[in-house]
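To start, the structure under review is shown below, and the notes come after it.
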Amino acid sequence: MTSFDAIVIGAGHNGLAAATRLAKGGRKVLVLEAANGPGGAARGREFSPGFRSAGLAHIVNRLDADVARDIGLDLAGGETLLPTTVLDGSGKAVTLHGAYGESIDGVPAEEQAAFAALRKKLIFQAGILKRFLRRPPPQIGAISLGDLSTLAGAGLGLLRKGRGEGRDFLRMLLMNVADVADEYLADDRLKGLLAFDATLGIHLGPRSPTSLLGLYYRLTGEAAGKTGGQVVPAGGMASIAPAFVRAAEKAGVTIRCSAPVGRILADRGKASGVVMRDGIEITAPVVVSAIHPQTTFLHLVDPAESGTGFVRSVKNVRSHGNVAKLDLALDRVPDFAGLSPEARNGRIVLARSMEQVETAFNPAKYGEFSPDPVMEITLPSLAESSLAPSGGCTLSALVQYAPYRLKAGWEAGKPAFLKIVLETLERHAPGIGRTIVAADLMTPVDIEAEYNLPGGHWHHGELQADQLLVNRPTGAASGYATPIEGLYLASAGAHPGGGISGLPGWNAARHILSGGKP
Amino acid sequence: MNALTTSAAGLRRAARDHIRTPRLETPFHERLAALSEVNDWYSWAGYKAPHSLFDGELEYFAIRSTAALFDISPMVKYRITGPDAERYLNRLTLRDVRKLAVGRVQYTAWCDDHGHVLDDGTLFRLGEADFRLCCQERHLPWLLDSAFGFSVDIREETEEIAGLALQGPTSYAVLRDAGFAGVEALKPFAVATFPHEGGEVTISRTGFTGDLGYELFVPRAKALSLWDRLWSAGELHAIRAIGYGALNQARIEAGFIVANTDFVTAEGALRADRERMPDEIGLDWLVDPDKPNFNGRRAILDARRNQTLRYILVGLEIEGNIPAEHAIVYHRKKHEAGIVTAGIWSPTAKRNIAIASLERPYGSKFTEDLWVEIYAMRELQYQKLMKRAKIVPRPIVKLARRTATPPGLK
């Protein structure tokens, strides 16, 4: 039997990025995937005869250019930045063009100027944080020269713009997005957009303390070389997973699907391989877990191999999703009131105001879904016609809030929530209901089951202040290395977090190749 | 509705009622109170416990010359059972529990993830999957959190199980005359059950005195009858009830350490540098690197490899006869080297002895030219004494009768 230098658990895009980097670094790598195909949450599926969905993500806004270049990701297209249109139901849309609204249609000149000022400030501040994305977070008690240079760089970056900007950064860092938006903006739709973007996928409302961090996180991402930009590659989102697979295979990575891992082998604090669910043992000195940290340490590693304190902290990682994914099969392209035809291929956000987002969050605190939800929509088949039969169209929506632990249970809740979501769509695109061929709503519980994602949380753990950087997923495992020698974390649950960036996997692999001490 | 709130308020009041008894009484309190001539009580884990009952010195000599009966009911006791109990305890504690046979007792300790000692104690293997863990501090949250992934049941039984230590040269004779047939077969660190009043008493050949001695555990309801059984059998063997003052002297002679006296437990420490690794409090011999993973393993082995251990625990013999409790230890009379955590004039060794915590390299590399500075109070005036100290192996008092099997009768 072939022996491997490293086993990567999970063929999501992070697992594949890690595997490819390791293989390019000269390691012989085996990727084990439990599902019957690679791609993780970007794995496409046919949700209705003739209609395909590309998976959870429906837009690219943070795929790291260095990662893509380094692993040789051949992903055509995606040079055109897509607009975002906010619809409030009045028929008067606001459309942001370029990278996160370099120019705006639909608001008066003074509001445009106010947004430009806020955008500039947020992008500058996110730029400070961005320095920390491409390297392991500093390890408290073992700060390295590289850490110091990153910290110094961040400090200098702040000072470059004068003391006032530095002070403002520290003031705003842990603020809520609502207060920041109120300071700058007057238009409810713009404020609603910021509130939505800051909280999407996070269990916070816009008025919750620290909610601005979500927006910063978004603005640490780039697409087509532009901060805050968003694109869809040629061939649509469904082309992303195959591109990662091709890069991995080209680098010599072996990928096995339908190969669920039963256990990670570890003895006296040292990992030595895995045991497959069918009992077959595969040994390797390095095991990279590119799946949820809680699955890794609470189910795959014998808890006896971890310390009580560590298990306690892993159990405390908050990872309950709040977003439902809707895929609609339509027999024609829908017509949203106020949406200009040029903006149809972009992102559509249905949000009236910040208050609506906040009010939508309230029931989620108590285990109920929003009776008046907010959502973002794309029409994937416009970019890739093969996703729908000729003349048909697919609609993809991320809808919040839909808490994982629904008090009433999702079995009863799902039809009720779907009805509300479809009614919301009907209000914005009258007549859409009659064109629906099939509707597939995935609640966080469904997402958990479909993608082996505990809590149905695509970030593999809340992206909040207490679960970031040196605390992602938890202190003792925040530097990709874990308390178990030879076992590394490489999923969205590791630094910097979720979204299609490739960074957690790529960073982890680089850390392993650098011989970074665990 | 009204009835409901009334009863709810009543329940709340009842739940608060413990505040009316700021000091709990042990199952033996009735006997102890009757014997107490000096009324010298202190709080042991919230229980009223005697510091002394009639005369500290005579109580000490009961331990070393006849038989001493000491109430250990306040000791915290956990019962750990279930198919994974052995594996669970092996991960929790420092020693290899697989080597602990049924009917045997292990002195052990347990650490947090950073290798800092949470407590030390004794682990009794009462059955293949049935253990009792005895210790000084409370650890239920830690024990329960440690149980994730193990099939075990963990129960605190401090309240329901009464405990007695019977220590001293005639302790075996007392048990024999009390009718505990077969007790002579118990080797040190052995435990067995014996019939008592239609139930069972667990007797182990263990103790905290470095002398021949036993510890007896019995359900609360049978506590007083056990006491009376020992007391009447012990009359001719000069049995005496004792308080902690006497026991403390014996344990210092035996070189035993006490949590939160000789070291600060990791969960209780407020200051980061007060936590201690096993190697820093003389418990390095408990650590078994060859057994499966256990809490603190990596940190302890890293500290050994990187030589980052900061402290060391030593036994001291100090010139003169003034106890050096809490005195500062110096190297060459000028460099501060540590602190005496416990010190007495040893009536058996006839020497001034102590247990001290030193900061390495004092005690590890520099072992000569050590001094302690004793402040002796002389009629409201301190007399400062600089006394020479010598590191000596523990136990400082070693008695052949502690381990002789079958035990002697006096």
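So the values come out like this:
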| read-out | value |
| --- | --- |
| Evaluation of B:Ser357 against (1) surrounded by 20 or more Cβ atoms within 10 Å (Cβ to Cβ); (2) within 14 Å of chain A (Cβ to nearest Cβ); (3) of a type in the set (S, T, N, Q) (one fails), failing number | (2) |
| Residue within the range A:329-342 that is of a type in the set (A, V, I, L, M), in contact (Cβ under 8 Å) with a residue 60 or more places away in the chain and within 23 Å of A:Leu81 (Cβ to Cβ) present | yes |
| Top-ranked residue of the range A:297-314 - restricted to ones that are hydrophobic (A, V, I, L, M, F, W, C) and in contact with a strand residue (DSSP E or B) (Cβ under 7 Å, 6 or more places away or on another chain), ranked as farthest from the other protein chains (Cβ to nearest Cβ) | A:Leu300 |
| Among (1) more than 30 Å from A:Phe336 (Cα to Cα); (2) surrounded by fewer than 21 Cβ atoms within 10 Å (Cβ to Cβ), the one test that A:Ala76 misses | (1) |
| Close pairs from the range A:104-131: first at positive phi and among the polar types (S, T, N, Q), partner part of a helix (DSSP H, G or I) and surrounded by 15 or more Cβ atoms within 10 Å (Cβ to Cβ), Cβ under 7 Å, at least 6 apart | none |
| Qualifying residues in the range B:283-309 (those that are away from chain A (no Cβ under 12 Å) and buried (at least 16 other Cβ atoms within 10 Å of the Cβ)) - the one nearest to the chain's Cα centre (by Cα) | B:Leu283 |
| Wholly within the range A:256-296, strands (runs of 3 or more DSSP E) carrying at least 2 residues that are open to solvent by less than 20 Å² (accessible area, probe 1.4 Å), modelled with pLDDT under 95 and more than 14 Å from every other protein chain (Cβ to nearest Cβ) | none |
| The range B:76-115: number of residues that are open to solvent by 40 Å² or more (accessible area, probe 1.4 Å), within 13 Å of chain A (Cβ to nearest Cβ) and touching a residue at least 60 places away in the same chain (Cβ under 8 Å) | 4 |
| Residue that is closer than 17 Å to A:Ala351 by Cβ and of a type in the set (D, E, K, R), where the choices are A:Lys92, A:Lys120 | A:Lys92 |
| Per-region count, the range A:156-172, residues more than 21 Å from A:Ala65 (Cβ to Cβ) and either polar (S, T, N, Q) or open to solvent by less than 30 Å² (accessible area, probe 1.4 Å) (or both) | 6 |
| Candidates B:Asp55, B:Asp119 - the one that is open to solvent by less than 40 Å² (accessible area, probe 1.4 Å) and either closer than 25 Å to B:Asn248 by Cα or modelled with pLDDT under 95 (or both) | B:Asp119 |
| Helices (runs of 4 or more DSSP H) completely within the range B:119-237 that count 2 or more residues being acidic (Asp, Glu) and over 17 Å from the mean Cα position of the chain (by Cα) | none |
| Test: residue in the range B:263-282 that is part of a strand (DSSP E or B), of a type in the set (D, E, K, R) and in contact with a strand residue (DSSP E or B) (Cβ under 6 Å, 6 or more places away or on another chain) | no |
| The range A:465-478: number of residues that are open to solvent by 10 Å² or more (accessible area, probe 1.4 Å), more than 14 Å from chain B (Cβ to nearest Cβ) and touching a helix residue (DSSP H, G or I) at 6+ places or on another chain (Cβ under 7 Å) | 2 |
| Within the range B:132-171, tally of residues that are within 14 Å of chain A (Cβ to nearest Cβ), open to solvent by 10 Å² or more (accessible area, probe 1.4 Å) and closer than 28 Å to B:Thr209 by Cα | 1 |
| Filter pass, B:Ala45 being farther than 25 Å from A:Glu305 by Cα, out of contact with any helix residue (DSSP H, G or I) (no Cβ under 9 Å at 6 or more places or on another chain) and either away from chain A (no Cβ under 14 Å) or not acidic (Asp, Glu) (or both) | yes |
| Scan of the range B:116-162 for residues that are of a type in the set (Asp, Glu) and under 23 Å from B:Arg274 (Cβ atoms), ordered by number | B:Asp119, B:Asp120, B:Glu137, B:Asp145 |
| Residues located in the range A:123-149, provided they are assigned to a helix (DSSP H, G or I) and either of a type in the set (S, T, N, Q) or closer than 15 Å to A:Thr227 by Cα (or both) | A:Ile123, A:Phe124, A:Gln125, A:Ala126, A:Gly127, A:Ile128, A:Leu129, A:Lys130, A:Ser149 |
| Spans of strands (runs of 3 or more DSSP E) in the range B:332-402 with at least 3 residues without any contact (Cβ under 8 Å) to a residue 24 or more places away in the chain | B:382-392 |
| Filter pass, B:His335 being over 18 Å from B:Arg251 (Cα atoms), open to solvent by less than 20 Å² (accessible area, probe 1.4 Å) and more than 27 Å from the chain's Cα centre (by Cα) | no |
| Tabulated pairs, the range A:418-444, first part of a helix (DSSP H, G or I), second among the acidic types (Asp, Glu) and surrounded by fewer than 14 Cβ atoms within 10 Å (Cβ to Cβ), C-beta under 8 angstrom, 6+ apart or interchain | A:Ile420/A:Asp372; A:Thr424/A:Asp372; A:Thr435/A:Asp331 |
| Checking A:Ala324 against (1) away from chain B (no Cβ under 14 Å); (2) of a type outside the set (Asp, Glu); (3) open to solvent by 30 Å² or more (accessible area, probe 1.4 Å), the condition it does not meet | (3) |
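Residue-wise test of (1) free of Cβ contacts under 8 Å to residues at least 60 places away in the same chain; (2) under 19 Å from A:Val60 (Cα atoms); (3) within 14 Å of chain B (Cβ to nearest Cβ); (4) out of contact with any Cys (no Cβ under 9 Å at 6 or more places or on another chain).
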| site | (1), (2), (3), (4) |
| --- | --- |
| A:Asn316 | no, no, yes, yes |
| A:Ser319 | no, no, no, yes |
| A:Ser353 | no, no, no, yes |
| A:Asn362 | no, no, no, yes |
| A:Leu379 | yes, yes, no, no |
| A:Ser396 | no, yes, no, yes |
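The values are calculated or read from the model by the stated rules, or taken from the named source; none is laboratory data. Since this is a predicted model, take the numbers as computed values, not measurements. Positions of Cβ are backbone-derived with ideal geometry, glycine not excepted, and every protein chain shown enters the neighbour counts. Surface areas here come from the heavy atoms of the whole protein model, side chains and all, with no ligands, DNA or RNA. Shrake-Rupley method; radii C 1.70, N 1.55, O 1.52, S 1.80 Å.
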